[in-house]
Structure formats: structure tokens, C-alpha cells
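None of the figures in this text is laboratory data; all of them are computed from the coordinates on show. Keep in mind the model is a prediction, meaning the values are calculated, not measured. Backbone-built Cβ (ideal geometry, glycine too); neighbour counts: all protein chains shown.
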Ligand code: FAD
Ligand code: NAD
């Protein structure tokens, strides 16, 4: 059982209170956490009002369901009755109502492409859209409508005759998107059973159903212009887990043999676990195995392993589950995302890193990369904000690195220090920053990276603007 306290949720400093990508999250009423939603979906209550029937929904029908207590939304050709979910939505009811009675796919993709709505909303599924736009016969003449994507269809069905009921497929199209839907006629087929690849003008989607595979292999008329929406996950095995602090652990996961995945500096991935029968996804930023390889040899020096520093919140939803995994168990890992660009390092002279708590994680690869690859770099300074000395992740590695590399300096700031602490105290402030952010030369090229709890990052970014640093000189991890 997960031990979830009954005080207000999310907790005052929880990242669930944070604004994400400029989008405010709203405080949820008591009893309306994600876990409460999962419990409701398992209760057997009829959440669609259709007593388990699935229907075909016309556009006219969809439009009628546009009120809070009767709100249907279409996502990728599937229609959900989201009224029961309203009070549980971290983005608030108004955000959901923007798509009421209409196709919310684009809105959904803009805001939280990574949220696993198929699993979260499966009990709210009303059915699929009945009407799809007519297909122009000669798609070469209709490039604008079809965005160069329509298939010269070629759909071999690899299911043996005696296998499960043969799937079928269908597709829906908007101006910029073609959605291919595979009807497996099986319950509980999740994304892990689907493998999607595309190269140049070839699109291949394989769905694994029991011991069978259903393969769609399509030649596209043009190369696809935009990436697929929806994230691709692969199952990775937990290889080791060691304490980094009293509550933060270094997890090492092994990628499947056929996978090549190297997460770019400053980017994150999503980890996915099934908790109480529902797939839950949370973002995490991979780190290197250590700050500099000389201090600790990576266990196995190749790209088969992916490391995470993860803080375990005893009352959290995801991290206690992650912590309970045994060595050899599996976690799904998505493709990387994020808007940090390595080009921000070009000709960089001064790099300032402001990290709070696990906001240190993106700084690990940034530090390693910058110190190893940026020859113009004169100074790298990390100001690391934590509550207590015990909370400082990799303190001795940081101190060793500062000793070894004269360009690097680290300063710790504690918000709840003991009386023995002689270092800096308090929260992020203009005073602390103006003293810390001194350019090595009058006009040296500067980059300041900031990451931590959202109030920390937002306050810090405001202060950096007040200190006259330009937008180009600041990278806030606000995803
Ligand atoms: P949640 O369930 O979200 O709970 C968070 C807090 O709220 C906890 O303090 C918990 O005790 C409290 N809480 C939960 N339920 C209740 C309740 N009912 N009442 C009161 N309080 C409650 N984290 C890392 O450790 N490492 C990383 O590398 C990392 N990278 C990230 C990258 C990005 C881009 C982002 C946005 C976040 C990252 N995070 C990282 C944070 C991570 O995604 C999770 O938010 C974090 O692990 C907490 O998840 P959780 O489900 O365990 O806790
Ligand atoms: P924490 O609660 O241990 O706090 C660490 C320090 O952050 C505090 O000592 C304080 O100096 C500062 N801080 C906390 N709350 C503050 C507030 N309201 N105002 C100003 N300063 C504040 O931190 P934690 O539990 O390790 O949480 C780390 C946070 O970083 C999480 O919210 C996580 O989601 C976020 N994070 C984001 C990314 C990203 O890429 N966006 C990556 C990793 C972690």
C-alpha cells in the first residue's frame, strides 16, 4: 500500500504545484490526487455513462458534449468522457474545457505529450470517431492537405489464421497530422507491445499480441516532416542502486541489447511504471556514473547503461515504487526530450550553475561536458542550494573536482543548516547572486543554468533579469 498522508495535496513544495512550461497547475481538492483517481477507475463505477459499451462518435455528437458535467474530448481518434476526471486534472478544469466537445489532440500534445492518457483515461473511453475526412485519390495533388504523408498502402497481416482475432487498422487526418489506429480487439494492449520505426520514407509499426505480431509496413510518399507524437519506451533492467545521500539514490539501468540511446546533455527522459494497474510516467534527468571518471571508474564503460540520481519521497506516488524494485526488475524509459542546446556552450567563457536539491541532475552532464569539451571556458561555478549538509548530493566528488580543476568552484548554501555550519545560509537572493555571478572578464561570454523546485527556478530567473543578464545568457530548466 502507498502511504499517502491526508493533508493538502500537492505538498507545498511538491513539483506538482509547479508551473510547467508557463502553464499553472492548480491546487487539487482533498481526495483528488492521482492515486485517488486510480482508485476511482478501479472501483467498477461506470465513468462514461454508457455501461461499458463503446460507440462510434460523429463530429455532431462530439460537439454536443461540451459542458463541465458532460464533456467529451477526442484524442488521436478516440473519444473520452473526461467529466469524472475534471477535479483530478492537475492543470485544472478550465484547461480541460478548452478542448470540450472537440479534437484536443494538438492541445494535448502541446501541453503534456508524455502523459499516458490511454492508461489514465481507459475507463472514460466512449468510443472512436466515426467520421474521417475523405481521402483524395491522387495524394500528390493534395500535398498541402496530406502533408506529404499518405501511404502507398501495403499492409501485410502477419497474424496466423489460428491466432487471436485479426486486428485491423484505420487512419484519421488533420491538416498536419495523420493518425494510424490499430484495432487489436484485445484488452490491455499497452505501448510496450508496440514498436514503431521510421526511416526516410518507410514507416513500420509492429504490435505484439500474445505470441503473434501484427505488422504494418508503409512506404510514404514523402519523408515525414515532423517526429511522431507520443513517446517511445523501451524496457530497461535495474542493474544497481546505491545511496548518494540519505534519501537520494543512484540507479543504474541497462538498455535492451538492440537499443542505442544516448541522452543529450541537459535533456530528460520519462520513466514509466505500472502502479496499482495504471501506467504512471515521471520525468528524470540522466546523469553520468560519476562527476569525473577518474574519481570512480564507471562499472562498465559503454553506452549500455543509463544512470539516474533520484530522490525518494516517502509519500510520493512514483519514487517509493521505484525504490521497491529489485535488481533485475524492469522500468520503461522513453526517448529524450528537452530544449537545452549544446550550441549554448559555443565560445563560452564563464559558466554559472544554480542548482537546488535534485535540480543538480542536469548540471552533472553539463559540468562533465563543459570541462571536457569547451576550450574557451575560463570559469565554471556551481552554487548548490540544499536544506541541510546531509542533503548535498555528491559533495565529496564536487570538492575533489574543484581541487583538481582550477576552473571549477563550488559553493554550498543551506536553508536549514545546523549551528555548526560556517558556509552560506538562506534561500536564493539578489545578494547571493550578485556576489556569485562575477564575470572573469568585463565582456566575457556567460551562460547561467538554473534548476530546482519551480519557485526556486522562477525566483532565480527573475533575479537574473534584474541583474541585467539577457535571455540568451540564462537557461532555466522549467519543463
Ligand atoms: P509525488 O507523488 O509527485 O509527490 C511529490 C511530493 O508531494 C512529495 O514530497 C510527497 O511527499 C508529497 N505528496 C505526495 N502525495 C501527497 C499527498 N496526498 N498529500 C501531501 N503530500 C503529498 N527528480 C529526481 O529525483 N531526479 C531527477 O533527475 C529528476 N529530473 C526531473 C526532470 C524534470 C524535467 C522534471 C520536471 C522533474 C524531475 N524530477 C527529478 C522530479 C520527478 O519528476 C518527480 O516529480 C519526483 O520524483 C517526485 O515524484 P513522486 O511521484 O515520487 O512524488
Ligand atoms: P528540496 O525541497 O530539498 O529543496 C532544495 C532547496 O531548494 C532548498 O534548500 C531551497 O534552497 C530551495 N527551495 C525549495 N523550495 C523553495 C522555494 N519555495 N523558494 C525558493 N527556494 C526554494 O528540493 P528537492 O526535494 O530536491 O526538489 C528538487 C526539485 O527540482 C523538484 O521539484 C524537481 O521536480 C525539480 N527538478 C527539475 C528538473 C528539471 O529539469 N526541470 C530536474 C531535476 C529536478
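Give me 441, 317 ranked fewest to most by other Cβ atoms within 10 Å of their Cβ, as a rough exposure proxy. Provide the component values of the computation, followed by the final result.
Numbers: 441 10, 317 19.
By the 10 Å Cβ count, ascending: 441, 317.
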**Asked** For segment 409-479 and segment 68-94, what is the separation of their Cα centres, given in Å?
**Response** 39
**Request:** For segment 378-479, just say rounded, prolate or oblate: build the C-alpha gyration tensor, square-root its eigenvalues into a ≥ b ≥ c, call rounded for a/c under 1.5, and beyond that prolate if a/b exceeds b/c, oblate if not.
**Result:** oblate
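Is segment 318-394 best put as rounded, prolate or oblate by its Cα gyration tensor, with a ≥ b ≥ c the root eigenvalues, rounded for a/c under 1.5, and otherwise prolate when a/b is larger than b/c, oblate when not?
On the way: a/c = 2.85, a/b = 1.58, b/c = 1.81.
Oblate, because a/c is 1.5 or more while a/b does not exceed b/c.
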**Message:** Between segment 312-334 and segment 340-356, how far is it from one alpha carbon centroid to the other, in angstrom?
**Reply:** 31
**Prompt:** R0 = 51 Å: FRET efficiency of residue 240 with residue 472, Cβ-based, nearest 0.05?
**Reply:** 0.80
